[in-house]
């Protein structure tokens with residue numbers, strides 16, 4: 001299946017919702033391995049989108065509508081002939097610039113192309129007028145060989161009435177707004193999120209520490225707490241962000257066996273970042289990204305004056321579970337934290353001197369103690385599920401994949417109503433996305449572009465007919 005996004009974009013603007021939304025849709029297609037091209041105006045100088053092809057020409061809007069429609073129809077017949085599904089960006093309702101001409105052209109060539117069209121309607125629906133002679137009829141009648149796509153499902157009946165469409169000809173696909181794109185998370189953060197399936201986890205913790213001091217930093221308490229949460233029935237994700245690991249492989253392997261003996265599965269419930277990053281420390285940006293997604297931070301270090309990672313967890317809004325033996329943590333953790341008994345170093349006594357190490361004896365055992373803490377902890381865990389409500393993955397699996405498969409079936413003359421979520425093959429992530437810096441970019445046009453009030457349909461007065 002080959003897909004085209006026929007946008008006519010002549011420039012990109014980070015504050016313009018249409019551009020940002022289609023940026024995310026393109027990334028969604030890329031993420032799930034769809035063979036697609038993002039078609040933009042051939043004079044577009046910016047290259048921000050995956051699979052961008054600068055190929056669509058423009059015409060001065062001062063020319064007669066019928067001439068412009070014929071011009072675009074000839075372009076579409078040539079450019080779009082090899083595609084099976086075509087997405088358009090708000091072409092079916094807008095009237096300014098060349099919108100009506102493109103609308104008329106797309107309708108006229110639909111019968112000559114093999115593709116099925118999915119026309120996104122980004123504008124709010126309106127009541128259908130009693131009379132709508134051409135060219136206004138282009139804005140109030142159902143285009144051939146197509147679906148209409150709206151940004152919410154509540155108003156689909158009104159949209160269908162506006163275009164005289166049948167219910168199965170209109171689909172809802174939300175605007176994607178992925179937290180990873182919004183915060184421009186780096187590919188390593190994306191990979192860790194995918195490895196542990198963090199969007200589906202109820203308890204998430206990142207634990208940055210030095211591999212040479214993993215026991216002193218309280219890794220056992222972190223693991224016991226997460227294992228207790230899992231025993232209570234919650235899906236968990238523990239990111240062990242360990243630095244200085246090259247000479248500690250044996251210790252890490254032994255600790256992995258111990259962690260699995262506590263009931264956590266390597267690669268599903270927890271992972272060591274050193275094996276994903278060639279034993280390099282996790283970049284600070286990646287750590288900050290993962291703290292944004294975390295809702296739990298257990299910290300049972302033997303000795304601290306403050307704890308840098310504790311501070312990062314607190315400002316990230318994690319529920320804190322802290323050692324009750326360290327005064328600094330009680331001072332800064334506040335009454336919202338949960339304080340637990342763990343092994344610790346006695347303040348003021350040098351290492352290896354009498355009384356240095358204080359070991360806690362749990363009664364009847366450690367599992368029972370941490371299970372009781374989990375009962376208190378779980379109701380207090382912040383709910384982070386809202387972060388993934390508009391994610392690329394959710395919208396793909398619940399909305400866009402089905403639309404795409406139905407459109408593909410229709411393009412082949414098959415009964416698309418037989419295509420459902422239970423009949424299509426589940427798709428897997430094939431690409432970890434690079435940051436595109438879409439939200440940091442704030443240019444409306446590339447160099448030498450004429451400016452208009454329509455950033456998605458720039459006029460080009462210097463193009464010959």
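May I ask for the angle, rounded to the nearest 10°, between helix 284-293 and the longest principal axis of the chain, with both axes built from Cα atoms and the value confined to 0 to 90°?
Roughly 80 degrees between the two axes.
Give the separation of the Cα centroids, segment 378-406 to segment 67-105, in Å.
32
What does the highest-first list of 257-266, 84-93 look like by mean Cβ count within 10 Å?
Ranking, from highest mean packing down: 84-93, 257-266.
Calculate how many DSSP beta bridges within the chain are antiparallel, expressed in % of all such bridges and rounded to the nearest 5.
That works out to approximately 5 percent antiparallel.
Scan (1) 94, 48, 39; (2) 73, 55, 42; (3) 66, 58, 53 for the value of Cα extents along the principal axes in Å calculated from this model and give just the label.
Evaluating Cα extents along the principal axes in Å on these atoms matches (1).
Once fully extended, how much extra length lies between residue 63 and residue 368, figured as 0.36 nm per residue of separation less the alpha-carbon to alpha-carbon distance?
Result: 101.8 nm gained on full extension.
Given a cut-off of under 8 Å on Cα pairs at least six residues apart, what relative contact order in percent is computed for segment 184-386?
24
Using a Förster distance of 22 angstrom, determine the FRET efficiency expected from the C-beta separation of residue 216 and residue 276, and round it to 0.05.
Efficiency for this residue pair is about 0.40.
With an 8 Å Cα cut-off and a minimum separation of 6 or more residues, compute the relative contact order for the chain in percent.
In percent, rounded to a whole number, it is 22.
Please work out the FRET efficiency for the pair residue 357 and residue 1, using the Cβ-Cβ distance as r and a Förster radius of 60 Å; give the result to the nearest 0.05.
0.40
What do you get for the angle between helix 17-31 and the principal long axis of the chain? Use alpha-carbon atoms, 0 to 90 degrees, nearest ten.
Tilt of helix 17-31: around 70 degrees.
Return one number: the angle in degrees, 0 to 90 and rounded to the nearest 10, between the long axis of the Cα atoms of helix 366-377 and the longest principal axis of the Cα atoms of the chain.
Roughly 50 degrees between the two axes.
Could you give me D for segment 184-386, from Stokes-Einstein at 4 °C and 1.567 mPa s, where the hydrodynamic radius is the Kirkwood radius over C-alpha pairs? Units µm² s⁻¹, please.
Taking Rh from Cα pairs, D becomes 76 µm²/s.
How much mean residue ellipticity at 222 nm does the chain get from its helices, if each DSSP H run of length 4 or more adds -39500 (n - 2.57) and you divide by all residues, to the nearest 500 deg cm²/dmol?
-9000 deg cm²/dmol
Given the peptides 222-230, 270-278, arrange them by the average over their residues of other C-beta atoms within 10 Å, most packed first.
The densest-packed peptide leads the list: 222-230, 270-278.
How would you order 303-316, 231-244 from highest to lowest mean count of nearby Cβ atoms within 10 Å?
Sorting 303-316, 231-244 by mean packing, highest first, produces 231-244, 303-316.
Just report the Cα centroid separation between segment 326-362 and segment 14-40, whole Å.
51
No value in this document is a laboratory result; all are computed from the given coordinates. Please read all numbers here as calculations on a predicted model, not as lab measurements. Neighbour counts are summed over all protein chains in view; Cβ atoms, including those assigned to glycine, are modelled from backbone coordinates with ideal geometry.
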